[in-house]
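As structure tokens, the structure follows; a few thoughts come after it.
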Amino acid sequence: MTHLDRKLLRDLRTIKSQALAVALVMACGLAMMVMTRSLIRSLETARSEYYARNRFAEVFAGLKRAPLSLVDEIARIDGVAAVQPGIALQVTLDIPGLPEPARAEINSVPDRAVQQLNRLHLRSGHLLGLGSRHEILVGEAFAEAHGLQPGATISAILNGRKLALRVAGVALSPEYIFESPPGAALPDNRTFGIFWMRYEEIAEAYSLKGGFNKVSLTLAPGASEKHVIAELDRMLVPYGGTGAFDRKDHPSHIRVSDEIRILQVISFGFPLVFLSVAAFMTNAVMSRQIHLQREQIAILKAFGFTDWQVGLHFFKFTLAIVSVGALLGAVGGMLLGYRLVDMYHLFFRFPRLDFLVSWGTLFGAAGASSATAFVGVAGVVKRAMRLPPAQAMRPEAPADYRPALLERTRFGARMTLSVRMALRNVQRKPWQSFLTTVALSLAAGILVIPNAFRDGIRYVLDFQWDLIQHETVSVRLVEPGPARALEDFRHLPGVVTAEPMRTVPVEFRAGSRSRRLGLVGLPANGDLTRILDAQEHPKPIPAHGVVLSRKLAEVLGVERGGLLHVRVLAEKRTEAWLPVTDLAEDFAGIIAYMDLEAMNRMLHSGDEINGARLTIAGGSWSDFLEAMKNSPRTSGVVIKEAMRDSFRKTTAESIGLLQTIYSLFATVVAFGIAYNSARISLSERQRELATLRVLGFSQAEVGGVLVMEMVILAAASLPVGLAFGSLLAGGILHSVNTETVRLPLVLTGANYAYSVLVMTLATTLSLWFACRKLNRLDLVGALKAPE
Amino acid sequence: MCVVAADSPSSAQDPLFVVRGLTKTYGDGEAAVHALVGVDLDLFPGELVVLLGASGSGKSTLLNNLGGLDTPTSGKLNYRGWSLDEADQEGLTRYRRDVVGFVFQFYNLIPSLTARENVALITEVAADPMSPDDALALVGLTDRRNHFPAQLSGGEQQRVAIARAIAKRPEVLLCDEPTGALDIHTGITVLDAVQRINRELGTLTVIITHNAAIAAMSDRVLTLSDGRLVGQKKNPQRLAVQELQW
């Protein structure tokens, strides 16, 4: 080690806390980038490997029932590589110890032929043997939620018959990476599961022998997906086809893609802010170091060190700080990534989800942030290199000051000298003051974002569960039935209110844009599902036309008063033109409502319903649930509170974890910036402050002078920071605005107050540290130094 | 030759400072540096004292102790019966604030304040100050009062420092190499200001210098060597600054 390097190490030791603050801010940015980019890589790799290995289909379609002979015809469609027919049905379960009824989607597995597509991955137990009876495979998420092991039994109602089913094994399928009930935005593994049963057995139970009600396809290379979907749709029309779709509309695929998309958004904006702040801080620390070492630079040069040796010395200084930051960031990002991959296991079921470090990101981000830091200090180092030794050895001339602009206002006369000193200092170094304010603003701003996420989610949940849905449970019928079926629900124990509901799969088309979804029919004077505007005011369901969620209208490019073409994808495949009568605010999925009677008229079906929303008296709750468990006509029960509970235990926890990480990082940045600014301010004004102490000013009075400048900058940064944070939060939330979920920008006073509080605390603590250092200052020594 | 201050203060008055056995040691063991070793000294009101000595002789340490910037390791240091050797930080701050005016080699002005504001900074907190304008007038800087330090020459900056030091009407003015960073002509204007203050306000003034020629403007010359007071000479007559032989 050269003596110059030894000097470097000792210099670093003297500014260790400042260097650490810079390294920590950089580490936070890098950790976040490494964590998110690695998670993206992990999810994408796990998904594509899983899809390839288990031959996940590319086109999917549901239908009422078609003969298996149709499969050959489907296989002949130009561009189809493989076809996998099957049966999928909803069944009600009776789980001992679970008060409410649970549901499962039961899928068929071929008896003899090998499953061509969507192959299962067996986690434990064995596959279903030929001729096995009353045996099922259970999806892992549901099995885990109920502690089901191979050999356990479970009661299910299959086509009105209660059967005890034996669990042969626990399995996964690329179709159900995200195991959620159809149409639900959130998983509820307690009350919904995925099962597999032998084709023969399930076909027998539902009188579907020789038929199928779902089909999956893969495409030949170069095939036109659009063409295949159109042909398949045409072919399935006579068999009650509900519309074919590709992977990008596959519910499980969408959820994984949405998660990746959200990660992509947050893997960039947030860390970028952190890394820019770190670059600025490095520049500030290095500028100060070079300024303080003027004389040393001069002496080195006087003794024959070249400009380059001096320059390299200070670049090594930066390199040391950046290396610590990169190391901490990489390790932190990997540790957090491992922790979050575990969390993803709650939502996404892959045969393997390994944490794969995105080395490219790690080295790229470390390289980029180092480069930014180096560019930031290049100018300062260049100044050091150019400093003529003779000039550097002389004390610098006093800094040139001017009265501050604010002093010329009418407040000027009333300003104390310490305020004047602070203002003039700010004005003399406008660039440094500006950058410090910007850095503090960024810190204040990024503190707003995690809480804006939290508040947005809270708002959506309250909006969805308290303002839109007023029922206790919603129930679905196995088959659409006459309106009097509602009377049966009314007579169930504890039912206070019952409102009918009918959902039909439709395709909306407006010009070249189209979407497939469930159109919900609601009663005219219903109260349990409310249609709300942006101000949360309820609107009546119009007697004719459809009400679209704002997002759906945006997706279809229609406005209120526009016309939509509706093609019903089930039952009697009617078509109609419907006016968009109103727009509704909502945040989950894309929804369309219409008056139930008008819907039935459109379907030419008479008064039919396929579900109901109910409110239940508290005292009769268990009787109601018991009755539902034994109701053969019900295919599903969704309990609002159970969904909310499930959300709290899963999604809320994971969001909470992310929010904690982000808040922690934002707080580290806030403290880092405030601390560094305070230390630099102290270092710059050490001599001036020591003079004041010598002249008889008390520690508190001198501390006040030091504090004033930081307080001015911090106060100026707060409104800018809060505005910046709001904009950034808006931008981030806007970019995660998907058809599955949208988060409104909810900016609460509490959120702003939190940001202000953390910034105030960070500034106060940093100033306290600086003042403590100031109090320990060797007055005589500080005075003797010419600068 | 002109004789200054016929009514030169004398030891007939009670001393302002009584210094007995003043010792200051930095560090301990073999590395101990004995900056002051048993210094005995009385300083009287209105006196102008010059402290001479080579580098490391203990001049600055003595001045720092007299000014309440440092405390002795042992010995007695009394100002008007106030035991500075026993005072805590708060007490020393009060002492510096109320009693002492400092002038430093490198001026130590606040660069962000104008000349007048540098002085006003002190008059704002002093008990019975003169107006900043009067203080600047005493050092002949009335015309430059609204200039910032960067706009003043070295001599002017040092005169602002003197104005700042005397604006609170201190009983003691301590000057550490006040002309050390100045050329001869500027040095003379600065010393002239110091002498005027001493004469007109009757402030006990202690000047540290390497320049033995300055000694002739004082009432008493103290010489320090290796931390000990090795010489004490009373000038029968003080010379006016303009008559000093540089």
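Rule-based calculations on the coordinates, nothing more; no lab input. Remember, it's a predicted structure, so these values are computed and weren't measured experimentally. Here the Cβ positions follow ideal geometry from the backbone for every residue, glycine too, while neighbour counts run over all protein chains shown.
If only residues of segment B:84-94 that are at the interface with another protein chain (Cβ under 8 Å from one of its Cβ atoms) and either farther than 20 Å from A:Gln686 by Cβ or of a type in the set (Asp, Glu) (or both) are counted, the one that is surrounded by the most Cβ atoms within 10 Å (Cβ to Cβ) is B:Arg94.
Residues that are within 30 Å of A:Asp533 (Cβ to Cβ) and of a type in the set (Gly, Ala, Ser) were ranked within segment A:732-756; the one that is surrounded by the most Cβ atoms within 10 Å (Cβ to Cβ) is A:Ser735. Screening the candidates A:Ser683, A:Ser677, A:Ser698 for the property of being among the hydroxyl-bearing types (Ser, Thr, Tyr) and over 30 Å from B:Val119 (Cβ atoms) yields one hit, A:Ser677. Which residues, counting only those in segment A:138-192, are surrounded by fewer than 23 Cβ atoms within 10 Å (Cβ to Cβ) and of a type in the set (D, E, K, R)? Scanning segment A:138-192 gives A:Glu144, A:Arg161, A:Lys162, A:Arg166, A:Arg190. Comparison of A:Glu479, A:Glu471 shows that the only residue that is under 20 Å from A:Val637 (Cα atoms) and over 34 Å from the mean Cα position of the chain (by Cα) is A:Glu479.
Among the residues of this structure, A:Met759 does not count as one that is within 14 Å of another protein chain (Cβ to nearest Cβ) and crowded, with 16+ Cβ neighbours inside 10 Å. Residues in segment B:52-61 that are within 14 Å of chain A (Cβ to nearest Cβ) and touching a Gly at 6+ places or on another chain (Cβ under 9 Å): B:Gly56, B:Gly58, B:Lys59, B:Thr61. Right, A:Pro251: touching a Pro at 6+ places or on another chain (Cβ under 8 Å) and touching a residue at least 60 places away in the same chain (Cβ under 8 Å) or not? So A:Pro251 passes the test. State all residues of segment A:658-684 that are within 14 Å of chain B (Cβ to nearest Cβ) and buried (at least 23 other Cβ atoms within 10 Å of the Cβ); if no residue qualifies, say none. Once the filter is applied, which keeps residues that are within 14 Å of chain B (Cβ to nearest Cβ) and buried (at least 23 other Cβ atoms within 10 Å of the Cβ), segment A:658-684 yields only A:Ser681. For segment A:768-775, the count of residues that are assigned to a helix (DSSP H, G or I), surrounded by 17 or more Cβ atoms within 10 Å (Cβ to Cβ), within 14 Å of chain B (Cβ to nearest Cβ) and among the aliphatic types (A, V, I, L, M) is at least one. For segment B:102-190, give me every one of the helices (runs of 4 or more DSSP H) that falls completely inside it and has 1 or more residues that are among the polar types (S, T, N, Q) and either under 24 Å from A:Ser418 (Cβ atoms) or more than 9 Å from chain A (Cβ to nearest Cβ) (or both). Correct list: B:115-123, B:154-166. Of the residues in segment B:69-76, at least one is buried (at least 16 other Cβ atoms within 10 Å of the Cβ), within 9 Å of chain A (Cβ to nearest Cβ) and in contact with a helix residue (DSSP H, G or I) (Cβ under 7 Å, 6 or more places away or on another chain). For segment A:447-467, which residues satisfy the criterion of being surrounded by 19 or more Cβ atoms within 10 Å (Cβ to Cβ) and within 16 Å of the chain's Cα centre (by Cα)? Of everything in segment A:447-467, those that are surrounded by 19 or more Cβ atoms within 10 Å (Cβ to Cβ) and within 16 Å of the chain's Cα centre (by Cα) turn out to be A:Val448, A:Ile449, A:Pro450, A:Asn451, A:Ala452, A:Phe453, A:Arg454, A:Asp455, A:Gly456, A:Ile457, A:Val460, A:Leu461. Applying the set (1) surrounded by fewer than 22 Cβ atoms within 10 Å (Cβ to Cβ); (2) within 14 Å of chain B (Cβ to nearest Cβ) to A:Glu597 leaves exactly one unmet item: (2).
Highlighted here are the helices (runs of 4 or more DSSP H) found entirely within segment A:363-466 that include at least 2 residues which are within 14 Å of chain B (Cβ to nearest Cβ) and touching a Ser or Thr at 6+ places or on another chain (Cβ under 7 Å): A:417-428.
A quick yes/no check of all residues on (1) within 14 Å of chain B (Cβ to nearest Cβ); (2) assigned to a helix (DSSP H, G or I); (3) touching a residue at least 60 places away in the same chain (Cβ under 8 Å):
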residue: A:Glu641; (1), (2), (3): no, yes, yes
residue: A:Phe647; (1), (2), (3): no, yes, yes
residue: A:Val705; (1), (2), (3): yes, yes, yes
residue: A:Met708; (1), (2), (3): yes, yes, yes
residue: A:Thr738; (1), (2), (3): no, no, yes
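Within segment B:71-96, being in contact (Cβ under 8 Å) with a residue 60 or more places away in the chain and either in contact with a Gly (Cβ under 6 Å, 6 or more places away or on another chain) or of a type in the set (A, V, I, L, M, F, W, C) (or both) holds for one residue alone: B:Leu77.
The condition (being touching a residue at least 40 places away in the same chain (Cβ under 8 Å), away from chain B (no Cβ under 14 Å), among the small types (Gly, Ala, Ser) and over 20 Å from A:Ile673 (Cα atoms)) is satisfied by just one residue among A:Ala729, A:Ala782: A:Ala729. None of A:Ile609, A:Ile590 is outside any strand (DSSP E or B) and either under 30 Å from A:Ala102 (Cβ atoms) or in contact with a strand residue (DSSP E or B) (Cβ under 6 Å, 6 or more places away or on another chain) (or both) except A:Ile590. Pick from segment A:688-703 the residues that are within 7 Å of another protein chain (Cβ to nearest Cβ) and part of a helix (DSSP H, G or I): which of them is nearest to B:Arg97 (Cα to Cα)? Out of the qualifying residues, it is A:Val694.
Screening segment A:137-250 for strands (runs of 3 or more DSSP E) wholly inside it with 3 or more residues that are farther than 26 Å from A:Ala81 by Cβ returns the ranges A:153-158, A:161-172, A:192-198.
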